Amino acid sequence: MSNQRAILHLDLDTFFVSVERLMDSRLQGKPLLIGGTGDRGVVASCSYESRRFGVHSGMPMRMARELCPEALVIRGNSATYTKYSHAVTDIVREAVPVCEKTSIDEFYADLTGMDRFFGCWQYASELRQRVMRETGLPISFGLSQNKTVSKVATGEAKPNNAIRIERGTERPFLAPLGIRKIPMVGEKTYQTLRNLGVRRIATLQEMPVDMMERVLGKPGRIIWRKAQGEDPSPVMPTSERKSISTERTFRKDTTDTAQLRSILIAMAENLAFQLRRGRKLTACITLKVRYSDFDTRTLQARIPYTAADHHLVPKALELFDRLYDRRVLVRLVGIRYSHLVGGGMQMGLFDDDDQRQALYQAMDGLRDRFGDRIIFSAATLGARTIGRSNPFSGDAPLLLANRHQ
């Protein structure tokens, strides 16, 4: 009987590729590229067969095709992937006491204390088999005392396998691996450490923690602890109800639908920016309308995971058009994005429009630097006069052409 922590990390193998193969068995064993199919597209996911040629996620599709000319290129279908993600999520949440969903294909679970009933390794193995049996999707896991070691172990277990790291063996397990394996070590940190001659985790383990902090600041101390196989962070239970929202009560009740639509666009855009800044995606949008007699109506729609204005704004306007049917004075409108998961803008990688992606990045960069009201689309001009206070007060904002007509 043991009271030591048991943290499970589950990750669906090449998730988008696996879904495509589930729908078309002829794709099994063939090199696949998932993403925007044009030359300006980006690789959202690739099969292990194509990775042997140096292809990786985030690579321009043109370059991937040059590296692996025999690969089949498939435009991603975010709605299909969202459906399968929900199916796996339901299985995992039902089976474990505490579940944290960190992206559309990745989960943590705290199995601490389950040894006395089932045996954590056996239970995790049975859960993996159940996911594969009920969804047809391959999935790997790592099991250890903490989140960092379990996540790294999952990466070493892939494809379609499992690894358990026993207590006390965390440090030697990590030592021979490359420093990019450590969560938090991105491209910039990697280059900084490479310039110091650090390539393996073993080297980090032997460095003084004070040196790591001098080189990388406060994150250096955290990375050093992770390299030692230490990570006290808990599994944070997540719920499909997790959400962000905003609403506006008007100074004067209104029936001006043009202005109502303008403010809804402004709210939808602002919430989408908050999603992207937090590297989150939403799979559910709810619209709220309160009339002057305090009658309150809401309407909800499930959507493929996204954080993109050009997907969220039209859906918000569609819900408003369906909901606003009384044609009486409106006191309040609101929008909520829920069913949030991590993932940044990955679902936008199925688009070939890299100019739109660049536009989002430029707009978000301006908002981060000067405030979230520094730039807005022309479609939100009506929002300047309808709110309780001017949402665009302060420095003169930049104006973009109307992108939502």
Residue in the stretch 44-59 that is at positive phi and either touching a Ser or Thr at 6+ places or on another chain (Cβ under 8 Å) or of a type in the set (G, A, S) (or both) present: yes
Qualifying residue in the stretch 287-299 (condition: under 24 Å from G342 (Cα atoms) and acidic (D, E)): no
Single residue of the stretch 203-245 satisfying the filter (under 30 Å from F320 (Cα atoms) and either in contact with a Leu (Cβ under 6 Å, 6 or more places away or on another chain) or aliphatic (A, V, I, L, M) (or both)) that is modelled with the highest pLDDT: I244
Neighbours by Cβ (under 7 Å, 6+ apart or cross-chain): first from the stretch 236-261, of a type in the set (G, A, S); second modelled with pLDDT under 85: A258/G382
Condition met for E269 (farther than 30 Å from Y291 by Cβ and either not in a helix (DSSP H, G or I) or not assigned by TED's automatic domain parsing to the domain that holds A153 (or both)): no
Subset of the stretch 1-34 (residues that are out of contact with any Ser or Thr (no Cβ under 8 Å at 6 or more places or on another chain) and crowded, with 19+ Cβ neighbours inside 10 Å): S18, E20, R21
Members of the stretch 161-183 found to be within 21 Å of D110 (Cα to Cα) and assigned to a loop (DSSP other than H, G, I, E, B), listed by number: N161, I165, E166, R167, G168, T169, I182, P183
Flag if S103 is touching a Gly at 6+ places or on another chain (Cβ under 6 Å) and of a type outside the set (A, V, I, L, M, F, W, C): yes
Failed item, numbered, when E230 is tested on (1) crowded, with 18+ Cβ neighbours inside 10 Å; (2) under 26 Å from the mean Cα position of the chain (by Cα); (3) not assigned by TED's automatic domain parsing to the domain that holds E126: (1)
Test: residue in the stretch 190-204 that is among the hydroxyl-bearing types (S, T, Y), in contact with a Lys or Arg (Cβ under 9 Å, 6 or more places away or on another chain) and either in a helix (DSSP H, G or I) or without any contact (Cβ under 8 Å) to a residue 12 or more places away in the chain (or both): yes
Some residue of the stretch 120-140 being more than 26 Å from S47 (Cβ to Cβ), touching a residue at least 40 places away in the same chain (Cβ under 8 Å) and either in the same structural domain as R5 (by TED's automatic domain parsing) or crowded, with 18+ Cβ neighbours inside 10 Å (or both): yes
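The values are calculated or read from the model by the stated rules, or taken from the named source; none is laboratory data. Just so you know, these numbers come straight off a predicted model, no measurement behind them. Ideal geometry is used to build each Cβ from the backbone, glycine not excepted, and the neighbour counts take in all protein chains shown.
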